[in-house]
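Here is the structure we will look at.
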Amino acid sequence: MKKLARGWLALPAAGLVLALGAFLPLTGSLGARGDVPVVTVEKQPFVRRVPAQGNLQAVRATPVSVPMGAPGPFRIGWLAPDGTRVQAGEVVIRFDPSAIEKQLTDADDDLRQARLKIDKSQVESLAELRKLERDAEMARVELDNATQFAKKDEMIYSRGEIIESTIDQELVERKADHARKAQRTQKQLSGTELALLRIEMRQAEAKIQQARRSLQALAVTAPHDGVLVLKRGWRGEPPRVGDTVWNGQPLAEIPDLSTMEAEVFVLEADAGGLTPGKRATVSLESNPGASHEAVIERVDALAKPRIQGSPVQYFGVTLKLRKTDPKVMKPGQRVQATLYLDERKEALLVPRQAVFESEGKRVVYRRKGAGFEPAEVQLGPGTMGRVVVESGLRAGDVLALRDPARRPEKPEKASEEGSPSAAPAAPGAAPAP
């Protein structure tokens, strides 16, 4: 019974070694010295691949935008479907004319009102001038009478009558002067009022011309033959019927399908070594069996979230395709890309579990004689399971996969005979490990 128990107790240690061998990504030899599992360092090819997702887009495209000649905003009334083949001069976007038609009606009303005000002002001004002319004529008659029949002879009239006549004459002269000045003032006021009303009329005419130009600009046509691709906003949504847009806002584009590129996004955590010129491959989700060679052309300077409110950030990467196949490649298609950020024909690779940190340094435990010695190493790029050692090791070195100074945990010994747990097992039952 004791031999059988010892055999079962040895199974966890052997399972640990087998598990390490199964998950070890290296092809070097793996063995154990005593109870410390080890691995032999060998030079092997190393490739660090990073996955990315994105869409195809044309290198060159002609934008289709809201017209600049007419004042906005506009409301989309009709929109050609995304991906429609169009010909030069064909209408691709129509805007809702209701708001502009209302502006035109209001401008016509303003123009008629301004013309009526001008007619009314002219009639009132003419009537007032005629009244002032009558007053001026009456003042001249009174002045002539006052001058002709003035009481100046002291022999005939008393001093009081002479003074009263002089005062009446001065009053009539002032009334005549006031009438002349009132005529001039009324003519100036009438001219100013008419000038203001003519300005209102010209403003109404300008509004009418703008509304008519806007009505003519409600239909946007294709500049040349091609495929219409709707422009996505920052949320990834295309324009829709009913959306309000402004002058110059791009709504779609007609791409040149002869040259395509891929815009993909790489997680910020995987962006180490992401530089232009690195090799990449692209496969279309609609044709996953074919792979297309590409090269990294541009990398965004800053990482940005793709989803509003998400803390996960991505670097935008533009991949230049070595060859474009217009038969299978269309703008907006989803693509899966693989970026090769580090490729080496030979590199010293070790499992990540063989690298430890000691006093702020990266060390490995290298076999020396019957034991192990710590060796400081400089690490390079790596993957989930292995890492490149730039310096500190040579091919053929044997490394410990755990700290040799730490003893492995031993399973608890079987209970002594006579204890309740050491009771003999039932016939045919498997011994407990």
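The values are calculated or read from the model by the stated rules, or taken from the named source; none is laboratory data. None of these values were measured; they are calculated from a predicted model. Cβ: placed from backbone, ideal geometry, glycine included. Neighbour counts: every protein chain shown. The area values use the complete protein model at the heavy-atom level, side chains included, leaving out ligands, DNA and RNA. Shrake-Rupley method; radii C 1.70, N 1.55, O 1.52, S 1.80 Å.
Largest accessible area first, the listed residues V172, V141, V91 line up as V141, V91, V172 when surface is computed with a 1.4 Å probe on the assembled protein chains.
Note on the stretch 211-359: the alpha carbon radius of gyration divided by the globular reference 2.2 N^0.38 Å gives 1.44. For E357, the solvent-accessible surface computed with a 1.4 Å probe is close to 130 Å², ligands and nucleic acids excluded.
Cβ-Cβ distance of L194 and D109, R₀ of 22 Å, FRET efficiency by 1/(1 + (r/R0)^6): the value works out to about 0.60. Pairwise Cα distances in the stretch 35-106 exceed 14 Å for 80 percent of all pairs. Peptide packing: for 259-268, 201-210, 47-56, the average count of neighbouring Cβ atoms within 10 Å per residue gives the ranking 259-268, 47-56, 201-210, highest mean first. The candidates H178, H292, arranged from most to least accessible area with a 1.4 Å probe in the full protein assembly, appear as H178, H292. Could you compute how fast the stretch 126-220 diffuses translationally, taking Rh as the Kirkwood radius over C-alpha pairs and applying Stokes-Einstein at 10 °C with viscosity 1.306 mPa s? Give it in µm² per second. Answer, rounded: 90 µm²/s.
For the peptides 343-356, 367-380, 100-113, residues were scored by their other Cβ atoms within 10 Å and the scores averaged per peptide; the highest-first order is 343-356, 100-113, 367-380. Semi-axes of the equivalent ellipsoid for the stretch 309-407, computed as √(5λ) from the eigenvalues of its C-alpha gyration tensor and ordered from largest down, come to 43, 17, 11 Å.
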